[in-house]
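See below for the structure under consideration.
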Amino acid sequence: MSHSDVPGAAAAGDRGAHPAWPGLFVSFEGGDGAGKSTQLVRAAAWIASVTSREVVRTREPGGTALGQVLRTLVLHGEDLDPRTEALIYAADRAQHVAEVIRPALRRGAVVLTDRYLDSSVAYQAGGRELGADDVERLSFWATDGLLPQLTVLLDVSPGRGLARLSDAPDRLERAGDVFHLRTRQAFLDRAAADPGRWLVLDASRSREELTEQIVARLVPLLAALPPAGSTLDPQAVRPRSVRGEAEGARVVSTPAEAMHPENAAPPRDEGAW
Ligand code: TYD
């Protein structure tokens with residue numbers, strides 16, 4: 001099913017070259033341990049250093065108070081039927097979009113989310129083998145058709161990604177090699193089908209290289225935004241020069257995103273920036 005087949009998506013008018021909001025919506029996707037949270041933090045810092053636009057960092061599941069309850073249920077609760085799991089992720093997403101993402105985009109903010117709808121299609125449709133059309137349609141209904149203008153895929157082999165994790169594995173991380181191989185393939189297939197929205201990166205490249213590629217893709221998107229009391233300084237496209245939040249810039253984190261271990265402190269090897 002193509003996106004234009006989704007009634008809710010078409011009606012919402014929130015996608016395409018001229019979305020119905022003045023902000024920019026970017027999602028970061030990938031397998032567990034791909035390093036997307038680190039890249040999200042670095043991208044947010046870079047954006048804040050070149051524009052005075054509000055930058056909102058958030059994540060799924062758990063970008064709202066309700067989402068944090070749902071996150072505990074779905075990641076650390078008892079075994080769930082795959083359809084129940086899909087519905088919980090969709091409910092988390094519905095509240096996240098309504099409470100955090102859409103209002104921020106309407107304010108003209110740049111919203112960076114650690115996982116979004118494509119995670120459901122990859123994990124619940126690919127991994128759990130629920131139908132891709134059904135899972136996508138459910139999420140489109142939950143979000144009234146909201147898709148990011150850019151989705152960054154940090155592609156990593158499951159073996160390598162899971163080996164990078166230090167905490168005890170959650171329910172999804174324990175789902176097994178075959179599950180994670182299907183999930184990875186679903187991400188790659190989805191990206192290949194819509195190259196205009198996706199940026200696929202090999203997560204084994206250096207952190208600096210990855211940030212540079214993400215920044216290169218962000219520059220034209222930021223430059224195309226309607227004014228929000230800020231201007232993009234194209235001379236500043238040097239991610240290694242970014243050391244944190246620029247003076248006067250606003251980087252806002254949703255509670256769960258701020259609680260993420262990667263974000264409680266600056267990225268571990270920040271000295272390399
Ligand atoms: P999290 O600890 O946030 O993992 P990560 O740091 O890799 O993002 O856990 C989120 C888990 O939930 C992760 O294994 C992917 C899974 N997930 C889904 O299965 N479906 C979804 O729609 C989303 C958003 C996440």
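The values are calculated or read from the model by the stated rules, or taken from the named source; none is laboratory data. Since the model is a prediction, treat every value here as computed from it, not as a measurement. Glycine gets a Cβ as well: all are built from the backbone with ideal geometry, and neighbour counts include every protein chain shown.
Count, please, the residues in region 104-121 that happen to be hydrophobic (A, V, I, L, M, F, W, C), within 22 Å of Val219 (Cα to Cα) and within 8 Å of the ligand (Cβ to nearest atom). Give the derivation first.
Narrowing region 104-121 to residues hydrophobic (A, V, I, L, M, F, W, C): 104-105, 109-112, 117, 121.
Filter again for within 22 Å of Val219 (Cα to Cα), leaving 104-105, 109-112.
After this cut, where a residue has to be within 8 Å of the ligand (Cβ to nearest atom) as well, the list is none.
Count: 0.
Say we look at region 72-103 and pick out the residues that are within 18 Å of Val135 (Cα to Cα) and touching a Gly at 6+ places or on another chain (Cβ under 8 Å); which of these is farthest from the ligand (Cβ to nearest atom)?
Taking region 72-103 first, the residues within 18 Å of Val135 (Cα to Cα) are 74, 80-97.
Applying the additional criterion that residues be touching a Gly at 6+ places or on another chain (Cβ under 8 Å) yields 92, 95-96.
Numbers: Asp92: 7, Gln95: 13, His96: 9 Å.
Among those residues, the one meeting the criterion is Gln95.
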Across (1) under 20 Å from the mean Cα position of the chain (by Cα); (2) modelled with pLDDT of 85 or more, Ala224 clears everything bar (1)
What are the residues in region 170-207 that are within 13 Å of the ligand (Cβ to nearest atom) and either in a strand (DSSP E or B) or without any contact (Cβ under 8 Å) to a residue 24 or more places away in the chain (or both), if any? Arg174, Gly176
Working only within region 47-69, note down all residues that are in a helix (DSSP H, G or I) and either surrounded by fewer than 24 Cβ atoms within 10 Å (Cβ to Cβ) or β-branched (Val, Ile, Thr) (or both). Ile47, Ala48, Ser49, Val50, Ala65, Leu66, Gln68, Val69
For region 114-133, indicate whether the set of residues that are part of a strand (DSSP E or B), surrounded by 24 or more Cβ atoms within 10 Å (Cβ to Cβ) and basic (Lys, Arg) is non-empty. no
Of (1) more than 15 Å from the chain's Cα centre (by Cα); (2) farther than 24 Å from Glu78 by Cα; (3) within 16 Å of the ligand (Cβ to nearest atom); (4) not aromatic (Phe, Trp, Tyr), Leu165 satisfies every one except (2)
